[in-house]
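To start, the structure under review is shown below, and the notes come after it.
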Amino acid sequence: MQLLNGMTGALIGSAIAAVGILTAPLYVDLFQIMQLTVFAAMAVLALSLGFIWGYGGILCFGQTSFFGLGAYTYAVAAINFADSTPAILLAILIPVIFAALLGYFMIYGGISDVYLGVITLTVSLILFNLVNSTAGDFYKIGDARLGGFNGMPGVPTFNLPGNPGYILTPEQAWMVTGIALIVVYLGLRLLIASSFGRIIIAIRENETRAALLGYDPRIYKLITFMIGGAIAGFAGALYVNWGAFVSPTIFALGLSAQIIIWVIIGGRGTLIGPIIGCLLLQWLVTEIGAQQAFDANFVLGAILIVFVLLVPKGIAPTLRDMVMSRFAERGDAPPDVSVKVKT
Amino acid sequence: MSAPLLQTSGLTIRFGGVTAVDRVDFTLKESELRCLIGPNGAGKSTFFKLLTGQLRPTEGHVHLRGQDISGARPHEIARQGVGIKTQVPNVFNAMTVQENLWIAARHKHTPNFATELTEQILTDLRLTAIAGKEVGQLAHGQRQWVEIGTVLAGEPELILLDEPAAGMTHEEVERTADLIQEINKTRALIVVEHDMQFIKMIAKTVTVLHQGAVLIEDDVARVLEDARVRDVYLGKGLAA
Ligand SMILES: Nc1ncnc2c1ncn2[C@@H]1O[C@H](COP(=O)(O)OP(=O)(O)OP(=O)(O)O)[C@@H](O)[C@H]1O
Ligand SMILES: [Mg+2]
């Protein structure tokens, strides 16, 4: 029952958001539509970290590795195939394979949580340097020149599946990106409510206990890590579709840090939190950039410190607790917003 | 003749200079209830960690029904039917009592059956009233019960309980003793406990560990009368 209530809430919320996304082009201008599109693509990336960190307990400092790999894979494949559909699929597949290899090495190698953070960060920096040094005609994959630090301009954007001749308009691309965010969100909600989801939360809570009950924590963590890689890769494809461009800065330290800040501020252990944190901070950074009165990084840092000190749980869990205690005061049973085991 | 349920031979673990478990030969028959006692630091918990794969032996072997499980990983041993309530509670703190048990039951069963089994155990252990509470919020005694329930929900054939009565009221201790005897009707157990009243309530055969080695293993009455056992508990030591 509780599961149903939680899911019903998510479904109603998602339906409202979907209506908003589909009608947005009616009352929002093109410039804003473009901005919303990149926000939504980044929110998918935020979800990938929110999932593996908040539910799997895996703090990956280099989630941009999978994001960037997805972006470059999409770009290379879209140029070669002149069709976005297989390119999107590859942008998910390649990061998953990479996550499987990297995750296997780290998780089955028994590397501690702290070192996992360090290694993932290092990997993203290695990828940055690697791609950065691919300038010149020599570095080509098929028809696609990797372009080194200049990046890859003019990447074909999304077309209608099965009809490469029909390129989506910016409004349509927005709708695809926005709906993709909702689909990823709902998919993760279902996953978390499933047995697999309950088990990964149990492992996050107490790995020893889970193992003593017969669960092999390693395989669950690896699969969680791979799902995170898949979602981040997909976000990479959405991102390239927005700008028709990708450059090595996608692997850079700044973005890695930002994703973590989005999740901390929005709230770990929820899925809506990372989305809220991502949208809010991107909007803020854009506003600050437009005003040019403050340095955006400075403001981001200040916000992070304020949150860590005053709202350590993040926005979404704090709001949830406030609603719960309000209900408790009135003596009503609180509505159960967290997903519970199916009963 | 079939192999005993559990058998260790020359089981040893050393931490640097400390030999925490010292050449222990231990045999447990099917559906036996054994009490394991010994002063603080005797190596009881370490012995349990060796049996459940949380530590790897430096030397020696553990056989479960004739199969060598020394050095196997905790989840592999758990799948062979060994369940443990650890001395320091290992529970899923942010999850409810119901969820803790459900996760355990889910390993062998479908989600629906796991839910039924969970309900059953919650009723048996009188935990239904707190089923929806987060385990992290509970008192120590209650957390012990939740962990025992979690172990039962995993339906192991051999159950290891490390100080199950610690932090319980007198009434709870008696209930725990009853519960252990109830469990023992169908399953084998090894129980570590310091509370001698409790040991007298449940014990048949008692094994005493001292400085990692088996000091004596005999009927409970004889063990409690033994002068050497009194000595180690009074801290005189054997050498004196
Ligand atoms: N990981 C470890 N590293 C070093 N020494 C250890 C380790 N684990 C246990 N020991 C030592 O091994 C000895 C046995 O400890 P153990 O916890 O097994 O005793 P115990 O019989 O369970 O005692 P208690 O009744 O206090 O629970 C102690 O001297 C302890 O300090
Ligand atoms: Mg102990």
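The values are calculated or read from the model by the stated rules, or taken from the named source; none is laboratory data. In this text, all values refer to a predicted model and were calculated from it rather than measured experimentally. Using ideal geometry, Cβ is built from the backbone for each residue, glycine included, and neighbour counts are taken over all protein chains shown. Note: areas computed on protein heavy atoms with side chains; ligands, DNA, RNA excluded. Shrake-Rupley method; radii C 1.70, N 1.55, O 1.52, S 1.80 Å.
Residue separation times 0.36 nm, minus the C-alpha to C-alpha distance between B:GLU116 and B:GLN197: what's the value?
On the way: separation 81, 0.36 × 81 = 29.16 nm, distance 3.51 nm.
Stretched fully, the B:GLU116-B:GLN197 segment lengthens by 25.6 nm.
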Item checked: Fluctuation leader among A:ALA252, A:ALA43, A:ALA17 - chain A, Gaussian network, Cα springs under 10 angstrom -> A:ALA17
Note to self: Check which residues have an amide H placed less than 5 Å from B:ILE190's amide H, if you skip close sequence neighbours.
What the structure shows: B:ARG34, B:ILE159, B:LEU160, B:LEU161
Check: Rounded to the nearest 0.05, what FRET efficiency do A:VAL311 and A:SER112 have when you use their Cβ-Cβ distance and R0 = 30 Å?
Finding: 0.60
Notebook entry, point to check: With chain A treated as a Gaussian network of Cα nodes joined by springs under 10 Å, which of A:PHE158, A:PHE98, A:PHE327 yields the largest mean-square fluctuation?
Noted result: A:PHE327
Margin query: Exceeding 28 Å between C-alpha atoms, which entries from my cross-link table qualify? They are B:LYS133/B:LYS185; B:LYS29/B:LYS133; A:LYS313/B:LYS49; B:LYS49/B:LYS200.
Written below: B:LYS133/B:LYS185; B:LYS29/B:LYS133; A:LYS313/B:LYS49
Item checked: Relative contact order of region A:1-127, defined on C-alpha pairs under 8 angstrom at six or more residues apart (%) -> 24 percent
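Sorted by packing (mean other beta-carbon atoms within 10 Å per residue), highest first, where do A:286-293, A:27-34, B:38-45, B:182-189 land?
On the way: A:286-293: 10.6, A:27-34: 12.2, B:38-45: 19.1, B:182-189: 15.8.
Taking the mean over residues of other Cβ atoms within 10 Å, the ranking is B:38-45, B:182-189, A:27-34, A:286-293.
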Next item on the list: Could you look at chain A and say what percent of its accessible area is carbon and sulfur, using a 1.4 Å probe and all protein chains?
Entry: 70 percent
Margin query: For Cα pairs less than 8 Å apart in space and 6+ apart in sequence, what is the mean separation divided by the residue count of region A:2-252, i.e. the relative contact order in percent?
Written below: 39 percent
Note to self: Cut-off under 18 Å on the C-alpha distance; same-chain residues fewer than 8 positions from A:LYS221 excluded. Which aspartates and glutamates are left, in chain and number order?
What the structure shows: A:ASP113, A:GLU205, A:GLU207, B:GLU76
Next item on the list: Note the angle between two axes, namely the Cα long axis of helix A:195-205 and the longest principal axis of the Cα atoms of chain A, as a number of degrees from 0 to 90, rounded to the nearest 10.
Entry: 80 degrees
Check: Which shape class applies to region A:1-62: rounded if a/c is under 1.5, otherwise prolate when a/b exceeds b/c and oblate if not, where a ≥ b ≥ c are the square roots of the Cα gyration tensor eigenvalues?
Finding: oblate
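Using a ≥ b ≥ c from the Cα gyration tensor of region A:2-252 (square roots of the eigenvalues), is it rounded, prolate or oblate, where a/c under 1.5 gives rounded and otherwise the larger of a/b and b/c decides, a/b for prolate?
The shape class here is oblate.
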Check: Magnitude of the Cβ-charge dipole of region B:50-181, K/R +1 and D/E -1, about the Cα centre, nearest 20 debye?
Finding: 360 debye
Margin query: So the label point goes 7 Å from the Cα of A:VAL285 along Cα→C-beta, right? Which residues of region A:59-97 then have their backbone N under 13 Å from it?
Written below: A:64
Checklist line | Sum of -39500 (n - 2.57) over DSSP H runs of 4+, divided by residues of the protein assembly as shown (222 nm, nearest 500) | finding: -18500 deg cm²/dmol
Note to self: Among A:PHE234, A:LEU222, A:SER247, whose Cα projects farthest towards the positive end of the dipole of region A:175-324, with charges put on the beta-carbon of Lys, Arg (+1) and Asp, Glu (-1)?
What the structure shows: A:LEU222
Checklist line | Karplus-derived HN-Hα couplings along region A:31-40 (A = 6.51, B = -1.76, C = 1.60, θ = phi - 60°), whole Hz, x at Gly and Pro | finding: 4, 5, 4, 4, 5, 4, 4, 5, 4, 5
Notebook entry, point to check: Taking accessible area as the heavy-atom solvent-accessible surface of the protein chains with a 1.4 Å probe, which residues of region A:189-205 lose no less than 40 Å² upon going from the isolated chain to the full protein assembly?
Noted result: A:SER195, A:ARG198, A:ALA202, A:GLU205
Note to self: Is there a quick way to get the dipole size of the protein assembly as shown? I mean about its Cα centre, with the Cβ of Lys and Arg at +1 and of Asp and Glu at -1; what is the value in debye to the nearest 20?
What the structure shows: 340 debye
Notebook entry, point to check: With a 1.4 Å probe, how much accessible area is buried between chains A and B, both sides summed, in Å² to the nearest hundred?
Noted result: 2200 Å²
Checklist line | Distance in nm between pseudo-label sites at A:ASP321 and B:ARG14 (7 Å out along the Cβ direction from Cα) | finding: 5.0 nm
Checklist line | Assigned charges on the beta-carbon of Lys, Arg, Asp, Glu; chain A dipole about Cα centre (debye) | finding: 720 debye
Checklist line | Computed E for B:GLN67/B:THR27 - FRET, C-beta separation, R0 25 angstrom, nearest 0.05 | finding: 0.95
Notebook entry, point to check: Projected onto the charge dipole of region A:2-252 (+1 at Lys/Arg Cβ, -1 at Asp/Glu Cβ, origin at the Cα centre), which of A:LEU127, A:ILE94, A:LEU116 gives the Cα projection farthest towards the positive end?
Noted result: A:LEU116
Item checked: region B:55-207 shape via C-alpha gyration tensor axes, a/c threshold 1.5 -> oblate
Item checked: Options B:ASN112, B:VAL192, B:THR128, ranked by Cα towards positive dipole end of chain B, top entry (Cβ charges) -> B:VAL192
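Using the Kyte-Doolittle scale, which helices in chain B average at least -1.0 and also have C-alpha atoms spread 15 Å or more along the helix axis, with helices defined as whole DSSP H runs?
B:111-124, B:140-153, B:170-184
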